[in-house]
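Next up is a structure, given as C-alpha cells.
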Amino acid sequence: MFVQVIQGQVTDAEQAHSAMDRWMEELAPAASGWLGTTAGVTEDGTFIALARFDSADAARRNSAKPEQDKWWHEFSSLLSDGATFHDTEDVVLDLHGDPDAAGFVQVMQGAGSNPERAREVMGQHRDEWAAFRPEILGSEVAMYDDGDYTMAMYFTSEAEAREGERKEVPAELQADMDEMNSLAAGPPTFYDLQHPWLYSPK
C-alpha cells in the first residue's frame, strides 16, 4: 500500500470539504488503484489528509492526469501557505471495525528512534487492545523519513474516545504503551478531526 499525507492551513473549511466531495464525485471513479482517503480540518484550520493507493505507481498515474491537476490547482487555492506532502509505502493497518463509520479521527505525528521495534510492539496484543478499547475501529500508520510517522486512529465517537482514555490500562498493555513512549523522539503532535471526511471507492 502507498499513502500520501497532505496538510496545510485552509482559509475556508466548508469550501475545502465541498472540493473533496467534488473529487469523490467527479474524479474518484477513474482513479484506478485508489483505496480511500481520510481527511478533515481541525478547529485551528489545519487540513490533513491521508490518501491511500495500492501502489506508488497508481498514485503517480492519478497525479499526472490533467483533470487531477486542475482539481488540485483549485483546491490548493484554499491553502494559505501551500501544502506539505509525505509519501510512503511503509504502512501498517490494524482494523477491528469499519473506519468509514468513524465519528471521530485523531491524527498523531511524531518521530521514533527504532521504527522496526515500534512496528513489532504495535503488532502485539491486538486482540487484547480491541477488547479493552472497543470504540477504536482501527488505525493506519504511515512511516517515513527514518522514524517520522503519521498515525490516524478511528473512533466510534469523540465522547467514547475520551471515556476510553480515562480507563485504567491493564499491566501488559501499559507495558506496550511504556515501550512505545520510550521509542518516541519527543511528544507527538495531535490533530483532532471532530468531523472527519471519510471516502472510499463505491
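The values are calculated or read from the model by the stated rules, or taken from the named source; none is laboratory data. All values derive from a computational prediction rather than experimental measurement. Backbone-built Cβ (ideal geometry, glycine too); neighbour counts: all protein chains shown. SASA here: full protein model, heavy atoms, side chains in, ligands and nucleic acids out. Shrake-Rupley method; radii C 1.70, N 1.55, O 1.52, S 1.80 Å.
Within the stretch 130-156, which residues have the backbone N less than 20 Å from the label spot 7 Å out from R162 along Cα→beta-carbon, could you tell me?
133-137, 153-156
Through the Karplus equation 6.51 cos²θ - 1.76 cosθ + 1.60, θ set to phi - 60°, convert the phi angles of the stretch 191-196 into ³J(HN,Hα) values in whole Hz; use x for Gly and Pro.
Per residue, the Karplus-derived 3J(HN,Hα) values read 10, 8, 9, 6, 10, x Hz.
So, with a 1.4 angstrom probe, what is the percent of accessible area on the chain that is carbon and sulfur? Don't skip to the end; give the middle numbers.
Details: 5150 of 10400 Å².
Carbon and sulfur: 50 percent of the exposed surface of the chain.
Not counting ligands, DNA or RNA, and with a 1.4 Å probe, what is I48's accessible surface area in Å² rounded to the nearest 10?
0 Å²
Calculate, in nm to one decimal, what E116 and D81 gain on full extension: separation in residues at 0.36 nm each, minus their alpha carbon distance.
Values: separation 35, 0.36 × 35 = 12.60 nm, distance 3.39 nm.
Fully extending the segment from E116 to D81 adds 9.2 nm.
Let me ask something else about it. So what is the diffusion coefficient of the stretch 82-201 in µm² per second by Stokes-Einstein at 4 °C and 1.567 mPa s, using a Kirkwood Rh over Cα pairs? Walk me through the numbers before you get to the answer.
Values: Rh = 15.1 Å.
Result for D is 86 µm²/s.
Express in Å², to the nearest 10, the accessible area of S200 obtained by rolling a 1.4 Å probe over the protein heavy atoms while all chains stay in place.
Its heavy atoms expose roughly 30 Å² to the probe.
I would also like to ask the following. Determine ³J(HN,Hα), in whole Hz, for all residues of the stretch 86-102 in sequence, where each value follows from phi through the Karplus function 6.51 cos²θ - 1.76 cosθ + 1.60 and θ = phi - 60°; x replaces Gly and Pro.
For the stretch 86-102, the Karplus-derived couplings read 10, 10, 7, 10, 9, 10, 10, 10, 9, 10, 10, x, 9, x, 5, 8, 5 Hz, x marking Gly and Pro.
Report the extension gain between D146 and D44 in nm, rounded to one decimal, defined as 0.36 nm multiplied by the number of residues separating them, less their alpha carbon distance. If you can, show how the numbers build up before the last one.
Numbers: separation 102, 0.36 × 102 = 36.72 nm, distance 2.86 nm.
Net length gain for the segment: 33.9 nm.
Here's a follow-up. Largest first, please: the extent of the C-alpha atoms of the stretch 89-146 along each principal axis, to the nearest Å.
32, 22, 18
Okay, next question. Before anything else, pin down the relative contact order of the chain: Cα pairs under 8 Å, at least 6 apart, normalised by residue count, whole percent. Before the final figure, lay out the partial values.
Values: 365 pairs, mean separation 59.1, N = 202.
About 29 percent, as a whole number.
Next question, about the same structure. Where in the stretch 40-130 are there chymotrypsin sites (Phe, Trp or Tyr not before Pro) that are in a DSSP coil and have at most 13 other Cβ atoms within 10 angstrom of their Cβ? Please report the intermediate quantities before stating the final value.
Values: sites: F47, F53, W71, W72, F75, F85, F104, W129; in loops: none.
Those that pass, being in a loop and sparsely packed, number zero.
Then there's this: Ordering K202, K70, K65 from largest to smallest accessible area (1.4 angstrom probe), what's the sequence? Before the final figure, lay out the partial values.
Details: K202 225, K70 125, K65 55 Å².
In descending accessible area the options line up as K202, K70, K65.
Under a GNM of the chain (C-alpha, springs under 10 Å), which listed residue has the highest mean-square fluctuation: T156, T189, T37?
For the chain, modelled as a Gaussian network with Cα springs under 10 Å, the answer is T189.
Give me the extension gain from E89 to D57: residue separation times 0.36 nm, minus the current Cα-Cα distance, reported in nm with one decimal.
10.4 nm
Diagonalise the Cα gyration tensor of the chain and give the resulting equivalent ellipsoid semi-axes, square root of 5 times each eigenvalue, largest first, whole Å.
Details: eigenvalues 173, 66, 53 Å².
In descending order the semi-axes read 29, 18, 16 Å.
Among Q174, Q68, Q109, which one shows the highest mean-square fluctuation when the chain is modelled as a Gaussian network with alpha-carbon springs under 10 Å?
Q174
Sticking with this one: Given G147, V91, F53, which one lies farthest toward the positive end of the charge dipole of the chain, if we put +1 on the Cβ of every Lys and Arg and -1 on the Cβ of every Asp and Glu?
Of the listed residues, the answer is F53.
Over the C-alpha atoms of the stretch 39-152, what are the Rg and the largest Cα-to-Cα span, Dmax, in Å?
Just the Cα atoms of the stretch 39-152 yield Rg and Dmax of 16.2, 47 Å.
Please report the Cα spread of the stretch 1-61 along all three principal axes, rounded to whole Å, starting with the longest.
Principal extents (Cα only, largest first): 33, 21, 14 Å.
Please pull out the direction-averaged projected area of the stretch 35-89, using the convex hull of its alpha-carbon atoms, in nm² to one decimal place. Please list the in-between numbers first.
Numbers: hull surface 17.0 nm².
Dividing the Cα hull surface by four gives the mean projection, 4.3 nm².
In nm, give the distance between the simple-model label positions of E26 and M1, each being 7 Å from the Cα along the Cα-to-Cβ direction.
2.9 nm
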